[in-house]
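Undergrad: Structure below; questions to follow.
The values are calculated or read from the model by the stated rules, or taken from the named source; none is laboratory data. As the structure is a computational prediction, the values presented were derived from the model and not from experiment. All Cβ positions, even for glycine, are placed from backbone atoms using ideal geometry, and neighbour counts span all protein chains on display.
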Protein chains: 2
Amino acid sequence: MQIPQPYLLFLGDVTDPLAAKTARGILHWRPDSCVGQLRLTAQTVSLQLADLSLADAKNLGVKTLVIGTANAGGVIPESWQQVLKDAVQMGFHIASGMHQRLRDIPGLSALAEQHQVQLFDVRHYDTPLAVGTGQQRAGKRLLTVGSDCSVGKMYTALALDRALNQAGTPAQFKATGQTGILIQGQGISVDAVVADFISGAVEALSPGFDTHAWDIIEGQGSLMNPSFAGVSLGLLHGAQPDALVLCHELGRPHIRHLPHMPMPDISEVLAANLQAARLTNPKAEFVGICLNTSAISEQEAQLVCEQWRERYRLPVTDPVRFGVDNIIQRLVDRGA
Amino acid sequence: MQIPQPYLLFLGDVTDPLAAKTARGILHWRPDSCVGQLRLTAQTVSLQLADLSLADAKNLGVKTLVIGTANAGGVIPESWQQVLKDAVQMGFHIASGMHQRLRDIPGLSALAEQHQVQLFDVRHYDTPLAVGTGQQRAGKRLLTVGSDCSVGKMYTALALDRALNQAGTPAQFKATGQTGILIQGQGISVDAVVADFISGAVEALSPGFDTHAWDIIEGQGSLMNPSFAGVSLGLLHGAQPDALVLCHELGRPHIRHLPHMPMPDISEVLAANLQAARLTNPKAEFVGICLNTSAISEQEAQLVCEQWRERYRLPVTDPVRFGVDNIIQRLVDRGA
């Protein structure tokens, strides 16, 4: 699967800025791939991109219309369906991270076939997979893991990918969730595969390679989150990581959506991940910690990073505020 | 889902006794629910049950025809399809643990609808699930876990279930794999659910209860098997077990199908399971170890069980050779 870029970001009639998080992520990490935005109303959230009609976008070389929004049910509203059909008829591919499948929109699959374009439902994965084996494979891999969901694992992976490439160490980002897949144009939504194939999916996503230095694999969930830990463990075993980076949000009161589950101790998170990782890669090591410090001032954040560096003897940073150079340095020092 | 019993066990034209393992398991654990067998040829494996025609079975009150065989591809041979159609037309439900779905046999779904019978594809699970929460729930739960796949987790769970009930402690067996589901008539094939819902599936399978003493939950895979550990961890978190029983096969040279993966150290398996289990049940404890000692003599096996009892300070038994009374005693001593 490869979603052709560049993109036209479809924002529908969404007015809640949070609901456009996916589109914002694509624009942040792949600005050169985002030619413009398509909004159905004047009140729709704007990403400060050029407002383009489908015809404009066609003239500017756009290949894919991307539904870059989320809503509670994950359902594609009926009021959007005409635009999607128009887009298909004009030769655009469509990519969506919604739960509802594009192909379940009446008539859309037939139109897509007729116009020889593809419908990418990145939250679903239907291609047959093999079960994982844990067999050693060529190439170095870094995986971001978390103390919980939504603590910056995708952001950290993308920041490391960018920094490594900028430092002349060729890296590839490997997406495991819908936003990451839309950013990279490829990947596997590992939480959507059949449970037996979690580690196998990651082995397929990051096969043996000698073409570049690192695969940077986006983590999902947390070994400490009782909703999703199975996904996280399969991902960890399948990733076979040489290097791990822990992501954590400072000040989070409890596991996300679960007030009865306290946040785990960081030492325990580090130990549990390392122990599990070594089943498929005995050389696995943590090379850094990325904190989301948005709840405190920048000065306080610097202090916390310094304290954590001493406590855990690892490079610690907030990738948004301070970048990831100290982690890159650690990778270089290890001989990456 | 409840598969109506009693059963007629369908053996097709299978000649390899190993391929009839599922039918044999159903007969072993639910002899009163197995009225007879249906074999397509004289060479077909026999379970020493009465050979019945569909008409005979109907007269004897059979409700469901069960495909109790396995083959490499999991495909239902074309030569079996006519019998399945005849059965549906005579008002039998059909249950299958094959990979290929009954409803993908051309015409079978329509026939089933017409004759108001059900097709049970127990290896698949299509009912919507919620994600797990780890929220404490009423009732006591025991989970069997393993050093690997195929080490006796289902056998042990069924043996414990039977022994508890015989001792006057009401227990219910909760099936998580296709053979267990066919034996019990209900359950969820947890390795077949979408990865995000592994722990949620087990919470749905064993909800809070005050109607009996124990739910005995069948484990799957192993935290130490890199192919399936994600399933095992989600199952462990969802089961929220008060009690754990470790299953292990003596003399297994390496993880099943993976010659490059050595068998793990038993102390490590115990520790990893206990640590993970305590995320959702801080009171989780091991109450016994079940060994498959079929590779050694009964006398040697007794010696090994004695040695393991001292080493791990737990009741140790081979459930096939020596029963599970010592584990039941431990449960009673704990105040079950």
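Undergrad: When the stretch B:151-169 is examined, which residues are found to be in contact (Cβ under 8 Å) with a residue 40 or more places away in the chain and more than 19 Å from B:Gln184 (Cα to Cα)?
TA: Once the filter is applied, which keeps residues that are in contact (Cβ under 8 Å) with a residue 40 or more places away in the chain and more than 19 Å from B:Gln184 (Cα to Cα), the stretch B:151-169 yields B:Val151, B:Ala167.
Undergrad: Let me ask something additional. Please note which helices (runs of 4 or more DSSP H) are completely contained in the stretch B:185-299 and include at least 3 residues that are under 20 Å from B:Asp161 (Cβ atoms) and at the interface with another protein chain (Cβ under 9 Å from one of its Cβ atoms).
TA: B:229-239
Undergrad: Checking B:Phe92 against (1) under 26 Å from the mean Cα position of the chain (by Cα); (2) closer than 27 Å to A:Pro128 by Cβ, which single condition isn't satisfied?
TA: Against the list (1) under 26 Å from the mean Cα position of the chain (by Cα); (2) closer than 27 Å to A:Pro128 by Cβ, B:Phe92 comes up short only on (2).
Undergrad: Let me confirm something: among B:Ile94, B:Ile76, which residue is closer than 13 Å to B:Tyr7 by Cβ, at pLDDT 90 or above and hydrophobic (A, V, I, L, M, F, W, C)? Break it down into steps so the answer makes sense when it comes.
TA: Numbers: B:Ile76 fails: closer than 13 Å to B:Tyr7 by Cβ.
Just one listed residue meets the conditions, B:Ile94.
Undergrad: Just one of A:Val324, A:Val304, A:Val316 is modelled with pLDDT of 95 or more and over 30 Å from A:Val202 (Cβ atoms); which is it?
TA: Numbers: A:Val324 fails: over 30 Å from A:Val202 (Cβ atoms); A:Val316 fails: over 30 Å from A:Val202 (Cβ atoms).
Sole residue among the options that is modelled with pLDDT of 95 or more and over 30 Å from A:Val202 (Cβ atoms): A:Val304.
Undergrad: Something else about it: In the stretch A:1-47, which residue that is touching a residue at least 12 places away in the same chain (Cβ under 8 Å) and among the small types (Gly, Ala, Ser) is farthest from A:Asn71 (Cα to Cα)?
TA: The extreme case among them is A:Ser33.
Undergrad: For the stretch A:1-47, give me the residue count where each residue is touching a helix residue (DSSP H, G or I) at 6+ places or on another chain (Cβ under 6 Å), over 23 Å from A:Glu78 (Cβ atoms) and not small (Gly, Ala, Ser).
TA: Residues flagged as touching a helix residue (DSSP H, G or I) at 6+ places or on another chain (Cβ under 6 Å), over 23 Å from A:Glu78 (Cβ atoms) and not small (Gly, Ala, Ser) within the stretch A:1-47 amount to 8.
Undergrad: So which of A:Val316, A:Val324 ends up being under 28 Å from A:Ala276 (Cα atoms) and without any contact (Cβ under 8 Å) to a residue 60 or more places away in the chain? Even if it seems obvious, please write down each step before you answer.
TA: Working: A:Val324 fails: without any contact (Cβ under 8 Å) to a residue 60 or more places away in the chain.
Matching residue, one of A:Val316, A:Val324: A:Val316.
Undergrad: Before we move on, is A:Pro241 touching a Lys or Arg at 6+ places or on another chain (Cβ under 7 Å), surrounded by 21 or more Cβ atoms within 10 Å (Cβ to Cβ), farther than 24 Å from B:Gly221 by Cβ and at pLDDT 95 or above? Spell out the reasoning first.
TA: On the way: touching a Lys or Arg at 6+ places or on another chain (Cβ under 7 Å): yes; surrounded by 21 or more Cβ atoms within 10 Å (Cβ to Cβ): yes; farther than 24 Å from B:Gly221 by Cβ: no; at pLDDT 95 or above: yes.
When the stated conditions are applied, A:Pro241 does not pass them.
Undergrad: Just to verify a result, which residue in the stretch A:164-176, among those that are part of a loop (DSSP other than H, G, I, E, B) and crowded, with 24+ Cβ neighbours inside 10 Å, is farthest from the other protein chains (Cβ to nearest Cβ)? Even if it seems obvious, please write down each step before you answer.
TA: Applying the first criterion (part of a loop (DSSP other than H, G, I, E, B)) to the stretch A:164-176 yields A:167-170, A:175-176.
Then drop every residue that is not crowded, with 24+ Cβ neighbours inside 10 Å, which leaves A:175-176.
Values: A:Ala175: 16, A:Thr176: 11 Å.
For the stretch A:164-176, the residue satisfying everything is A:Ala175.
Undergrad: Right, next: Look through A:Gln81, A:Gln100 and report the one residue that is at pLDDT 95 or above and not assigned by TED's automatic domain parsing to the domain that holds A:Ile181. First the steps, then the outcome.
TA: Values: A:Gln100 fails: at pLDDT 95 or above.
Of A:Gln81, A:Gln100, the one residue that is at pLDDT 95 or above and not assigned by TED's automatic domain parsing to the domain that holds A:Ile181 is A:Gln81.
Undergrad: Restricting to the stretch A:242-263, name every residue that is among the small types (Gly, Ala, Ser) and over 24 Å from A:Ala276 (Cα atoms).
TA: Of the residues in the stretch A:242-263, the ones among the small types (Gly, Ala, Ser) are A:243, A:251.
Selection gives A:Gly251 alone.
Undergrad: Can you tell me which residues in the stretch B:300-336 are under 20 Å from the mean Cα position of the chain (by Cα) and either outside any loop (DSSP other than H, G, I, E, B) or not assigned by TED's automatic domain parsing to the domain that holds B:Cys149 (or both)? Talk me through it step by step, then tell me what you get.
TA: Going through the stretch B:300-336, the residues under 20 Å from the mean Cα position of the chain (by Cα) turn out to be B:317-321, B:323-324, B:327-328.
Passing the criteria: B:Thr317, B:Pro319, B:Val320, B:Arg321, B:Ile327, B:Ile328.
Undergrad: Looking at this structure, is B:Val62 in the same structural domain as B:Lys21 (by TED's automatic domain parsing) and touching a Leu at 6+ places or on another chain (Cβ under 7 Å)? Walk me through how you get there before you give the answer.
TA: Working: in the same structural domain as B:Lys21 (by TED's automatic domain parsing): yes; touching a Leu at 6+ places or on another chain (Cβ under 7 Å): yes.
It is true that B:Val62 is in the same structural domain as B:Lys21 (by TED's automatic domain parsing) and touching a Leu at 6+ places or on another chain (Cβ under 7 Å).
Undergrad: On the basis of being among the acidic types (Asp, Glu) and surrounded by fewer than 22 Cβ atoms within 10 Å (Cβ to Cβ), does B:Asp191 make the cut? First the steps, then the outcome.
TA: Working: among the acidic types (Asp, Glu): yes; surrounded by fewer than 22 Cβ atoms within 10 Å (Cβ to Cβ): no.
No; evaluated as a whole, the condition is false for this residue.
Undergrad: Only one of these conditions is not met by A:Thr22: (1) of a type in the set (Ser, Thr, Tyr); (2) part of a loop (DSSP other than H, G, I, E, B); (3) under 29 Å from A:Val320 (Cβ atoms). Which number is it?
TA: Tallying (1) of a type in the set (Ser, Thr, Tyr); (2) part of a loop (DSSP other than H, G, I, E, B); (3) under 29 Å from A:Val320 (Cβ atoms), A:Thr22 fails exactly one: (2).
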